[in-house]
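This report refers to the structure that appears directly beneath it.
The values are calculated or read from the model by the stated rules, or taken from the named source; none is laboratory data. This is a predicted model, so every value here is computed, not measured. Note: ideal-geometry Cβ built from the backbone for every residue, glycine included; neighbour counts use all protein chains shown. SASA here: full protein model, heavy atoms, side chains in, ligands and nucleic acids out. Shrake-Rupley method; radii C 1.70, N 1.55, O 1.52, S 1.80 Å.
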Amino acid sequence: MGDLGQILLGGVTTGSLYALFLLGVLIVFQVSKSMNFAYGQVGMIAAFSAWFFYSEQGLPVPVALMIGVLLAVIVNSAIDFAAIRRIPAGRPGLDLVVTLGIFLLITAVMQQLIDANAHTFVSLGADTRTEVAGVVVSMSDGIVIGLTVVTVLAAYLLLNRTSLGTSLRASAEDAGIAQAAGVNVRALRTATWAVAGLIAAVVAILVASRLSVDAFYMTPFLIKAFIAGMIGGLDRFWLPLVVAVALGVYESLAVYLLGASAGTPAVFLLIIVVLALVPKRFVNERNEVRA
Amino acid sequence: MTGTTMTRPRRGGKNPTVGKGRGVPRLLTRVAVFAVIAAVPPLLFDDYWVFMSAQVLAFAVATLGLDILYGRTGQMSLAHASFMGVGAYTTYVMATNGYGPAMQLAAVIGVALIAALVVSVPTLRLSGMRLALVTLAFGELLAWAIRNTTDLTGGTQGASVDPFLFGRLDSSEPLHAYLIALVPAAIATAFAVHLGRTQLGRRMLAVRDSELAAESVGVAVARTKVTAFLISAVYAGVAGWLYAGITGFIAPPDFDLFASVYLFVAVVIGGAGTVLGAWLGASYVVLMPEVFTLAGQPNLYPIVGGALLAIVALVVPDGIVGLGRNVWRRIRGVRGDEEESK
């Protein structure tokens, strides 16, 4: 029981990180109908530059983390401002191509500015452990799960119970009409991208504190969060987030049952099987027509 | 959406009205131009640049394949380099078991087809964006497979591949490698050109421009997308086979996500949807790192590549070929006006 409990806890924690990250993807997709392939690298900027500032430049850790988060927020807003908004209408898929370029650019620039090696990150509570019913729980696990639950609930309430949420959903539905009804669509859009940048930064810092930090570590993470979003549907709210947590649990169960190297093939097998078997109406986006 | 359909009529579309009289000389002209360009490297370049030219030929097969998928069908694959890797590693495994190049090629095509079927069939009956994400996972899977089969594939250290031997041609000689690569590259080009005139090629364009419209006029959208993906995977596999034979050494970083992104950069910069663009892209992806190395700034290549991809996609979505076509049209347009005013 202790073993299995430990596995489940690890899975739920990883899954919560996927879910929190995916929340940032979802709000951006729902407001601006675009995918940001460089999203993981935005988070990487926060963690990697924070590491650089506290470890190489000797700044206090909290200050370095704040600078990192601020950079991520600025970069994510800039991606929308400089690139996504300028995509001509009627070219579906160009958002992925453009952000693919930004992905490459950010990776190369960070590698050039800092270096290409992996570094241990400040632990942020991953070392403080207690035992609950035979399961070792670290403070980091608690922070991750708690933060995810609070953030997701807050986002849900904000979107569905406040006038700000109504404006957001209105501008997602039809920007022109929302604008005519007095909603400041552009400001809302920029705010969404900024908040998404904040979420990416927090997740990336948490992931770095549990693993290590370099210019590439967020890419596998991004792939899994995107996969959860793809299975759950990017225009929904609860289903993709639940899928994200489940994916984390599934991955750690696969690793536990089949060995440490089984994670990647198990995830690939899962998406192929899910996409092949699940009825089309469950996995397709509702508003497929973007013409 | 209609804009792209309106502004990009395929030349081939007008051909039936032109009649057969002009088709043959035109084909001969094209073959002659191709032959003249193909003769330049072996006649004028030294061994090293002939070797680089041979690599351009291999990568041209890859970019032509990606162009069929992305440029013509509008589907995005982020694992095109991984499919090259499938080809290259199949070649390696076949070569270590004593099979010659012809058997290697047959195995490469078979394995590429199977891998592409597994990736595309469940994915492509759904929306195109999903394909991009599943191909990402496929790239991860290939990297994992290579890491965990060190005995078979050489693992992260890479592996040296025996050169191809066709009669007296030996692909470890740059000139011979160039001549060997010329044949598949020419066939791939001819097929890609011809594809634009077939029903399948036009179905692909219809799917790219509007899936909904394509479906409403009876195009089997899913089948067209899967066919495009299979063709592009075979192209990538053959490119991997050539790459392994020409360079003689393969390693996982040659086929990772970044390599796939570079191929994407190549197709977009060259000009998506055109054969010429794919060739320009292949030259870019092979020669640009060399240029930066010669300039003493090899680290600039990825930075410039990323910036170029974003900027070109936003500002000149049709790449170099589109840019050239616009300039050509403007020149001709100006001349036409002058003639009219006379």
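Below, the figures for the structure above:
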quantity	calculated
The listed residue being open to solvent by less than 80 Å² (accessible area, probe 1.4 Å) and either touching a Phe, Trp or Tyr at 6+ places or on another chain (Cβ under 6 Å) or at pLDDT 90 or above (or both), out of B:S160, B:S171	B:S171
Subset tally (residues that are of a type in the set (D, E) and within 12 Å of another protein chain (Cβ to nearest Cβ)) for the range B:104-156	1
Residues of the range B:70-79 satisfying the condition of being within 12 Å of chain A (Cβ to nearest Cβ) and closer than 16 Å to B:R208 by Cα	B:Y70, B:G71, B:T73, B:G74, B:Q75, B:M76, B:S77
From B:A272, B:A282, residue being open to solvent by less than 30 Å² (accessible area, probe 1.4 Å) and either more than 21 Å from B:L78 (Cβ to Cβ) or part of a helix (DSSP H, G or I) (or both)	B:A282
Number of the condition not met by B:L124 [criteria: (1) hydrophobic (A, V, I, L, M, F, W, C); (2) open to solvent by 20 Å² or more (accessible area, probe 1.4 Å); (3) under 29 Å from B:E211 (Cα atoms)]	(2)
Subset tally (residues that are open to solvent by 40 Å² or more (accessible area, probe 1.4 Å), part of a helix (DSSP H, G or I) and either more than 14 Å from every other protein chain (Cβ to nearest Cβ) or not aliphatic (A, V, I, L, M) (or both)) for the range B:183-229	15
Qualifying positions in the range A:127-138 - exposed (fewer than 14 other Cβ atoms within 10 Å of the Cβ) and either among the polar types (S, T, N, Q) or part of a loop (DSSP other than H, G, I, E, B) (or both)	A:D127, A:T128, A:T130, A:A133, A:G134
In the range A:94-126, the residues that are of a type in the set (S, T, N, Q) and open to solvent by 20 Å² or more (accessible area, probe 1.4 Å)	A:Q111, A:Q112, A:N117, A:T120, A:S123
Residues (at the interface with chain A (Cβ under 7 Å from one of its Cβ atoms) and either within 20 Å of the chain's Cα centre (by Cα) or open to solvent by 70 Å² or more (accessible area, probe 1.4 Å) (or both)) located in the range B:292-307	B:N299, B:P302, B:G305, B:G306
Hey, A:A246 away from every other protein chain (no Cβ under 14 Å), of a type outside the set (D, E, K, R), within 26 Å of A:L159 (Cα to Cα) and in contact with a helix residue (DSSP H, G or I) (Cβ under 9 Å, 6 or more places away or on another chain) or not	yes
Top-ranked residue in the range A:226-252 [being in a helix (DSSP H, G or I) and more than 19 Å from A:P265 (Cα to Cα); ranked as modelled with the lowest pLDDT]	A:G232
Helices (runs of 4 or more DSSP H) fully within the range A:154-211 counting 1 or more residues that are within 13 Å of the chain's Cα centre (by Cα) and under 23 Å from A:L222 (Cα atoms)	A:185-210
Residue check, A:M35 closer than 22 Å to A:T151 by Cα and outside any helix (DSSP H, G or I)	yes
Test set (1) under 19 Å from B:L124 (Cα atoms); (2) out of contact with any Leu (no Cβ under 6 Å at 6 or more places or on another chain) - B:L78 fails condition number	(2)
